[in-house]
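Since the structure comes first, as structure tokens, the remarks are kept for the end.
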Amino acid sequence: MQPYLSLKSSGPGLWHRQGDWYDTAFRRRMTVMALSTGELLIHNPFILEEKDLAELKALGKVVGILVPNAFHGDETAWLSEKFPEAKVFVPRAIEAKARKKYRVNGSFENDWPADWRKDVECLPLEGMRLLHESVFFHKASRTLVVTDFVFNMKPEDFSKNFERTLMAWNRVGTGFGTSWLCDKVFTRDDAARKRSVEKILAWDFDRVVMNHGHVVENGGKAMMTASLST
């Protein structure tokens with residue numbers, strides 16, 4: 001179990017919890033999104049202490065556990081055992097591999113439940129490789145939830161000069177936006193990715209919650225538009 005902070009409410013039916021990530025400056029974030037039924041979807045699950053697991057259960061019934069991309073989800077097995085009735089969704093590209101580690105009910109590309117879509121939109125990013133990320137729009141809180149597609153970190157988030165320099169080269173630690181790796185390594189088809197970006201920017205979101213960095217509580221759509229249009 002890695003250290004983490006308390007659960008924070010951040011809009012109607014939205015909570016998130018920041019935690020350590022293998023002693024790096026990146027940290028990580030678990031996000032909880034409520035459906036209009038009061039049921040919950042857990043994005044990027046953590047292993048929790050019993051008191052925090054009880055707090056999560058008190059918020060509502062967990063019906064979905066979301067492994068948002070190929071690089072996150074190491075602690076999914078633990079949470080899926082705690083919520084045996086929850087459906088676990090993963091990227092299609094890692095579905096076979098994930099089934100060897102934990103219960104999988106389907107992929108984002110093929111199986112996103114229609115009755116969830118009225119509250120939470122799921123968009124698998126086109127034109128990407130290796131990362132295989134899906135992004136989510138929680139309508140009630142007007143929140144875009146991403147994982148590694150965008151970062152929002154500052155130079156002072158890195159305590160060591162070499163980390164700051166390296167991350168600046170990767171365009172991480174210089175503010176809001178995509179990384180160099182995302183643009184140059186994880187993107188294989190610019191036109192296809194642009195189609196996904198257009199769909200994202202058509203959503204009526206204001207807040208952006210990302211896995212690494214500082215949550216953008218308002219003005220997030222304008223920041224996404226400026227970042228992804230360059």
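The values are calculated or read from the model by the stated rules, or taken from the named source; none is laboratory data. Predicted model only: the values in this text are computed from it and were never measured. When we count neighbours, we look across all protein chains shown, and the Cβ atoms used for this are built from the backbone with ideal geometry, even at glycine.
Table for the structure above
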quantity: Residue in the stretch 165-182 that is closer than 27 Å to residue 77 by Cβ, among the polar types (S, T, N, Q), touching a residue at least 24 places away in the same chain (Cβ under 8 Å) and in a loop (DSSP other than H, G, I, E, B) present; calculated: no
quantity: Any hit, the stretch 17-24, residues being surrounded by 22 or more Cβ atoms within 10 Å (Cβ to Cβ) and either of a type outside the set (Ser, Thr, Tyr) or more than 15 Å from the chain's Cα centre (by Cα) (or both); calculated: no
quantity: Given (1) within 17 Å of residue 20 (Cα to Cα); (2) of a type in the set (Gly, Ala, Ser); (3) in a helix (DSSP H, G or I), index of the condition residue 77 fails; calculated: (1)
quantity: Unique match (being touching a Lys or Arg at 6+ places or on another chain (Cβ under 9 Å) and modelled with pLDDT under 95) among 83, 46; calculated: 46
quantity: Residue within the stretch 57-77 that is surrounded by fewer than 20 Cβ atoms within 10 Å (Cβ to Cβ), under 18 Å from the mean Cα position of the chain (by Cα), among the β-branched types (Val, Ile, Thr) and at pLDDT 95 or above present; calculated: yes
quantity: Tally, over the stretch 150-164, of residues that are part of a loop (DSSP other than H, G, I, E, B) and over 18 Å from the mean Cα position of the chain (by Cα); calculated: 4
quantity: Hits in the stretch 111-122 - residues which are surrounded by fewer than 18 Cβ atoms within 10 Å (Cβ to Cβ) and not in a helix (DSSP H, G or I); calculated: 113, 118
quantity: Residue 204 in contact (Cβ under 8 Å) with a residue 40 or more places away in the chain and either over 27 Å from residue 14 (Cβ atoms) or surrounded by fewer than 18 Cβ atoms within 10 Å (Cβ to Cβ) (or both); calculated: yes
quantity: Of all residues making up the stretch 36-51, the number that are on the phi > 0 side of the Ramachandran plot and either buried (at least 17 other Cβ atoms within 10 Å of the Cβ) or part of a helix (DSSP H, G or I) (or both); calculated: 1
quantity: Residue, surrounded by the fewest Cβ atoms within 10 Å (Cβ to Cβ), within the stretch 149-173, restricted to residues that are closer than 24 Å to residue 13 by Cβ and touching a Cys at 6+ places or on another chain (Cβ under 9 Å); calculated: 150
quantity: Condition met for residue 93 (at pLDDT 95 or above and surrounded by 15 or more Cβ atoms within 10 Å (Cβ to Cβ)); calculated: yes
quantity: Candidate set: the stretch 99-110, residues that are of a type outside the set (Gly, Ala, Ser) and within 21 Å of residue 81 (Cα to Cα); chosen: the one surrounded by the fewest Cβ atoms within 10 Å (Cβ to Cβ); calculated: 100
quantity: Count of residues meeting criterion [touching a helix residue (DSSP H, G or I) at 6+ places or on another chain (Cβ under 7 Å) and either among the small types (Gly, Ala, Ser) or not in a loop (DSSP other than H, G, I, E, B) (or both)] in the stretch 201-220; calculated: 4
quantity: Looking only at the stretch 139-149, and only at residues there that are in a loop (DSSP other than H, G, I, E, B) and more than 10 Å from the chain's Cα centre (by Cα), the one that is nearest to residue 224 (Cα to Cα); calculated: 142
